[in-house]
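Structure first, then comments.
The values are calculated or read from the model by the stated rules, or taken from the named source; none is laboratory data. Fair warning: this is a prediction, and the values are worked out from it, not measured in the lab. FYI the Cβ positions are ideal-geometry reconstructions off the backbone, even for glycines, and counts take in every protein chain you see.
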Amino acid sequence: MIVVVEGPSGAGKTTWCRTHGRAHALLEELPDQATVPEDPEAQAHFWVERNVDRWKRVLERERRDGLVVVDVDPFKLHYVWTLWRSGQVPKWEWDLQREASRVAFSAGEYALADLYLVSDVTEETLRARRDADTTRRRRGFERHVLLRDSLLRWYRAIDALEPGRVRFGLPESGLTLDLLAIGPRRVRSGAAVFDRLLALLS
């Protein structure tokens, strides 16, 4: 079973994964920005390829351990969508990454998780947590704050695909048996799933 923990910067994702995922946690690793291409089309493919590689690691951990708790969604198409929805990138950037993602998703190279836990804390709480955490530099924090509402809309659409697989809030009790009882999805990827998700977001 694959559990993804999501939410805006400062939402407590990494801390929750370390605390409750323990040996099952797979934490996010940010790339060296110098390796990101400047050409928009090459950049779109770079991010898709990186996320596909991360999904491979997720599947390896699932095969090995039966359960993996992932800090940040490997199917990270929501990021450019929320940037576009909040007016921070032009539509053509969204179009480029959407099409590159559709090819990979349709081929099953990456997919939806079985359960999503999405932090939905307020903007005020995000800022307070950012200010209290002196151990981490949060590049682009202000940009991420603007994405909060669109991010929640994205995961409401994912929940609509198969209701009950997205829970809003990071449960203090951790991964309880009732959460895990939902089990794996029957279909995690494919063109039909991708297109239905995009239709729910339109």
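Results for (1) touching a residue at least 40 places away in the same chain (Cβ under 8 Å); (2) of a type in the set (D, E), shown as yes or no for each residue.
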residue	(1), (2)
V3	yes, no
G10	yes, no
W16	yes, no
L30	no, no
T35	no, no
E38	no, yes
D53	no, yes
E60	no, yes
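Could you list all residues from the stretch 173-189 that are surrounded by 15 or more Cβ atoms within 10 Å (Cβ to Cβ) and of a type outside the set (A, V, I, L, M)?
Our first condition is that a residue be surrounded by 15 or more Cβ atoms within 10 Å (Cβ to Cβ); within the stretch 173-189, this holds for 175, 179, 182, 185, 188-189.
Residues satisfying the conditions are R185, R188, S189.
Yes or no, residue by residue, for (1) under 28 Å from I182 (Cα atoms); (2) exposed (fewer than 13 other Cβ atoms within 10 Å of the Cβ); (3) among the aliphatic types (A, V, I, L, M); (4) modelled with pLDDT under 95:
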site: I2; (1), (2), (3), (4): yes, no, yes, no
site: V5; (1), (2), (3), (4): yes, no, yes, no
site: P8; (1), (2), (3), (4): yes, no, no, yes
site: H20; (1), (2), (3), (4): yes, no, no, no
site: E28; (1), (2), (3), (4): yes, no, no, yes
site: Q33; (1), (2), (3), (4): no, yes, no, yes
site: E38; (1), (2), (3), (4): no, yes, no, yes
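So which of W55, W92 ends up being surrounded by 19 or more Cβ atoms within 10 Å (Cβ to Cβ), aromatic (F, W, Y) and modelled with pLDDT of 95 or more?
After applying the criteria, what remains is W55.
Here is a check on your reading of the model: is T82 over 23 Å from R185 (Cα atoms), surrounded by fewer than 18 Cβ atoms within 10 Å (Cβ to Cβ) and β-branched (V, I, T)? Before the answer, list the steps.
On the way: over 23 Å from R185 (Cα atoms): yes; surrounded by fewer than 18 Cβ atoms within 10 Å (Cβ to Cβ): no; β-branched (V, I, T): yes.
For T82, the condition - over 23 Å from R185 (Cα atoms), surrounded by fewer than 18 Cβ atoms within 10 Å (Cβ to Cβ) and β-branched (V, I, T) - is not met.
For the stretch 149-183, which positions are part of a helix (DSSP H, G or I), of a type in the set (D, E, K, R) and in contact with a helix residue (DSSP H, G or I) (Cβ under 8 Å, 6 or more places away or on another chain)?
Restricting attention to the stretch 149-183, the residues satisfying the condition of being part of a helix (DSSP H, G or I) are 149-161, 177-180.
Keeping just the survivors that are of a type in the set (D, E, K, R) gives 149, 153, 156, 159, 178.
Listed by number, the list holds a single entry, R153.
So which of F75, F105 is of a type in the set (F, W, Y), surrounded by 19 or more Cβ atoms within 10 Å (Cβ to Cβ), touching a Leu at 6+ places or on another chain (Cβ under 9 Å) and within 29 Å of S173 (Cα to Cα)?
F75
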